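Contents: one structure, followed by commentary.
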Ligand code: TK8
């Protein structure tokens, strides 16, 4: 009897296994696609908030079939490390600075042009318009697919030595810059001692005084708590810095058209949210930075112009690197935006 029962159970189990096989295969199909999405800032930042919006949109628009595993604080690696992981196919998506991408996509250097945009509206128009799209179109041949630009923002200087009110105040200041030749050349041209470094190492380097200062938008100075290790903020707005949301081409090519559309549409929703959120936060940032104990100083328009003059030769390098056609088209578009002036 016992033996009989055992045999029966074994037979039933075997039968079940065969009939269940197709079901198991089906279960595989409906298992959500997990997208590893890395970013450099902390969760509680404009970047982290927008990643959350993107994740929600992807899940909603795919009916739960596509899901983000979002990892912040550079836990998947620095911008440069993640870019390589995307190219190799070990990671699916990321958002990071266009400036750190220049080593791979040289046309991204266009966005490193000092004082290129006067305001956010100009940045949106150029980034979302034909020029921004042409730059993005250079990514696939490098193994990457760009979706949208987010706002990192206008960059300002912080340091622990003194208020920077004129170019000369930068003399000898050890200033961390992004891993990008234009930033390196620019700040050296202004007299600083520029040191390229991954963002993920920056807080520690400021804390130990390996560097005296850095430059980033107000939002990042706040979310990364740089006020704990920096005294002075000098409002230079020296460059508008975009972030770019992009995908591993290896991964992208394996998606259906519908899945690609989910990512693209979700990215656009996240972009519109991100720009609004970032601007709202930046608008009240000066007061917030002061309340955290930072000393904030303006830089006079005359001094900003002197900085701009010192940087004209950087513009020439950028124009050569991105190509004269793209450079001229950008200038023409900006002129149009500014009413032909
Ligand atoms: C975050 C960086 C950051 C950038 C920098 O990964 O490195 O200073 O401004 O936003 O991309």
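Each reported figure results from applying straightforward, stated rules to the coordinates on display, with no laboratory input. This one's a predicted model, so the numbers in the text were calculated from it and none came from an experiment. When we count neighbours, we look across all protein chains shown, and the Cβ atoms used for this are built from the backbone with ideal geometry, even at glycine.
Listing for the model above:
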| read-out | value |
| --- | --- |
| Peptide ranges 122-128, 137-143, 300-306, 85-91 listed from the most packed, as the mean C-beta count within 10 angstrom indicates | 122-128, 85-91, 137-143, 300-306 |
| Full-extension gain in nm, residue 324 to residue 42, via 0.36 nm per residue minus C-alpha separation | 97.7 nm |
| Simple spin-label estimate for residue 250 and residue 317 in nanometres, 7 Å along Cα-Cβ | 3.3 |
| FRET efficiency estimate (nearest 0.05) - Cβ-Cβ, residue 121 to residue 306, R0 25 angstrom | 0.40 |
| Burial order of peptide ranges 180-188, 253-261, 162-170 (average beta-carbon count within 10 Å, highest first) | 180-188, 162-170, 253-261 |
| Antiparallel bridges, percent of DSSP beta bridges restricted to segment 31-337 (to nearest 5) | 55 |
| Relative contact order [Cα under 8 Å, 6+ residues apart], segment 31-337, whole percent | 26 |
| Paramagnetic label zone (point 7 Å from Cα along Cα-to-C-beta, residue 268; backbone N under 16 Å) in segment 123-137 | 125, 127-130, 133 |
| Using alpha-carbon coordinates, inclination of helix 301-310 to the longest axis of the chain, degrees | 80 |
| FRET E, pair residue 128, residue 208, Förster distance 51 Å, beta-carbon r, rounded to 0.05 | 0.80 |
| Degrees, to the nearest 10: 312-322 long Cα axis against longest axis of the chain | 30 |
| Top of 129, 153, 48 by mean-square fluctuation, Gaussian network on the chain, Cα under 10 Å | 129 |
| Sorted peptide list for 292-299, 33-40, criterion being average Cβ within 10 angstrom, highest first | 33-40, 292-299 |
| Residue 188-residue 168 pseudo-label distance in nm [points 7 Å out on the Cα-to-Cβ vector] | 2.4 |
| Gyration tensor verdict on segment 29-70 (Cα atoms; rounded if a/c is under 1.5, prolate if a/b is larger than b/c, oblate otherwise) | oblate |
| Inter-site label distance for residue 331 and residue 276 at 7 Å from Cα along Cβ, in nm | 3.7 |
